[in-house]
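Just below is one structure, and these are the notes that go with it.
Just so it is clear, none of the values below were taken in a lab; they were calculated from the coordinates. Owing to the predicted nature of the structure, the values given are computational and were not obtained by experimental measurement. Cβ: placed from backbone, ideal geometry, glycine included. Neighbour counts: every protein chain shown.
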């Protein structure tokens, strides 16, 4: 094995009562790509922030290139040749690429020589690593993939030999992610050491040489990537075998509870996003809508839940029409038994600054159960929140905690608990497990199937094909605003993939 | 020729009236570009004016007066920094508090020290900054057109006036051509980017506030030691707020700031000039209306003519390191 670029020995870090890192031992060989996987909140980012000097470890030792070092500030890390690409980019949006690159690494008090130097350096980096980007472009006008490239350039400009990437593909399109991986391989070939933090196992398998799995603040295993499997890693991450496909019985479809007829929706620019779509959802079945993101699924969901204006068509909820002018009263729809888990929980589903118990009744706050005369019945709300926390295993189980302090998976559980516990007849769910870790995915899928088994009509929209296939009793595929096919749950990935890509095949329909 | 002279006189007083605005506006530019809202420009000017006039009267030196004005104003700026940077307090509240302290303490101390009803003693020659007559100003004074422009507009101001206008290109140069300026602009937009680049956010913001303090100190000294021969209570009369309005109007850019302040200065000068004299078509207008004119126009300009002003993104938000 090559010499270690980084060694972490016995690292501990606590935030108050929470032990974010416990006795971490980690060794990363020079010139390799090392993956760190783990669920949200397993302590990956904390560990890397310690390495980058953003936090100081409570105890433990860090060695870089074999020498013990103390890293107290980001400056120390930079001086040791450690660069970090943060999950949320650390760029000044209205600065040019050049200005961002030289910020903090200027030659002297005047900018002139720094800019000249950075310009020629960027030119060299572009040639060596294929990291092309216009040095005079303003950051906010660049697509996300290029912004990330600027972050990598920033690190390389500061002479980074060790590059840490924190969830780099979370914001990228698949094509951008592939490009990033090509860049990382090139960096590795040039002798750089790369640490990749992610919760996507597919990426680990595709690009890393070795991988460490973190769970609840500790490293539970380190493997050579070639000698492990996705199944093993997933199991290590959650600590038990994961159902990659949820068990479910045969559906017993009953009466039609939600009916969509000839629905057409245009967006603000007047482009037709949903084009003459018709389908039914019966009680006791899960209908999944598959499709590549941006093919009208979001608009369809919004129109059905009454928050977006539809040009034509009708939607019947339990046999009665829904107001499609986009001005429907969400409270009234809730009363009629429609529950909606929106795609974007941060902007539509939750008020992050509210406490958990407040979010767990949001939208139902004028329900008699939560009122005492004209006032909120705090005791009832707290009891209700505690009940949901227990039922949905929301962690940490503190209803007074600010919602922003819950992990993504637990925030999603808060929304799901709120909507499901109202006992709706029809449940519409957008991206049920986006940003949710493996353990919570299984739980959420089980809850959705339980809803189905109680005779509810469930409509799921997801861009994750695996999820659609594992959950749905019927699969509708959307492409360019139209439903281009309907398949059973046994449809193959390839078959659905072709439909999603807009390739209509006669054989597939037969 | 008479109307030409009238124009020259209005422009001359435009310059004089816009100087304190310009200094305060540039002062605000430093702090706001660094992400610290500073509604306390008014208060810092006021303490600067009081400290300057007091020290000049006691020590019989204009320079000691100016130095004291700057010192005290910087001290107040550091208090604002201590509250809003170190302790992450609300920047508006801290600024308002500074304005109150300034308004109250200048009157109390003025009365206690000089017993002239809150005024400081009238400054004698040598204790004020005198007008600088440029070479040849007297000689060509009577040459038509060029003469009055040179003698009235360019020559014949105090050193602080030239200082204020020199600060415009200087500030531009600092902002866009120096390391400090780059970092200051960055910290006002995204302090996390500055922090991860290994630069201290707090120290950077403190330095920006020191610049603010220096400029408000000079602005105060100008009010009490150039425009007036001593300190009068509440002599800033809202100039700090107008400077803030000018800063927004100028979209946080130094050269724009100069034109914005000249515009406000011109409105002020014109309203003084037109008081009592009948206007064409309208006839005689009450003096109060003329005095209100600059403020009315401020509101109209800010409401309608400025377009989209995007303030520094991190403005007003204390920086908290988080994971």
Taking all pairs of distinct alpha-carbon atoms in the stretch A:1-133, Kirkwood radius in angstrom: 17.0
Antiparallel DSSP beta bridges within the protein assembly as shown, percent to nearest 5: 55
Partner chain coverage, peptide B:185-192 - average Cβ within 10 angstrom: 5
Convex hull per residue volume in Å³, alpha carbons only, for the stretch B:2-244: 132
Distance in nm between pseudo-label sites at residue B:140 and residue A:205 (7 Å out along the Cβ direction from Cα): 8.4
GNM top mover of B:87, B:60, B:157 - chain B, alpha-carbon springs below 10 Å: B:87
Mean Cβ neighbour count within 10 Å, used as a protection proxy, ranking A:204-214, B:195-205, A:362-372 highest first: A:204-214, B:195-205, A:362-372
Degrees between helix A:144-157 axis and first principal axis of chain A (Cα, 0 to 90, nearest 10): 20
Stretch gain in nm, segment residue B:58-residue B:281, where the contour uses 0.36 nm per residue and the Cα spacing is subtracted: 75.1 nm
Computed [θ] at 222 nm, deg cm²/dmol, the protein assembly as shown (DSSP H ≥ 4; -39,500 (n - 2.57); rounded to nearest 500): -14000 deg cm²/dmol
Residue list for the stretch A:408-423, given a label point 7 angstrom along the Cα-to-Cβ vector of residue A:15 and an amide N cut-off under 14 Å: A:408
Viscosity 1.306 mPa s, 10 °C: Kirkwood-radius Stokes-Einstein D of the protein assembly as shown over Cα pairs, µm²/s: 50
Cβ-derived FRET efficiency at R0 41 Å, residue A:368 paired with residue A:312, nearest 0.05: 0.60
Share, in percent, of DSSP beta bridges within the stretch A:4-238 that are antiparallel, nearest 5: 55
The stretch A:391-510: antiparallel DSSP beta bridges as a percent of all, rounded to 5: 50
Normalised per residue, the volume of the convex hull around the Cα set of the stretch A:4-238 (Å³): 123
Folded to 0 to 90 degrees: helix B:2-33 orientation relative to chain B principal axis, Cα: 10
Listed residues B:232, B:174, B:218, most fluctuating in chain B (Gaussian network, C-alpha, under 10 Å): B:174
Shielding of A:72-80 by partner chains, average beta-carbon count, 10 Å: 2
Shape of the stretch A:19-89, Cα gyration tensor, a/c cut at 1.5: rounded
Per residue, the convex hull volume that the Cα atoms of the stretch A:353-421 enclose (Å³): 76
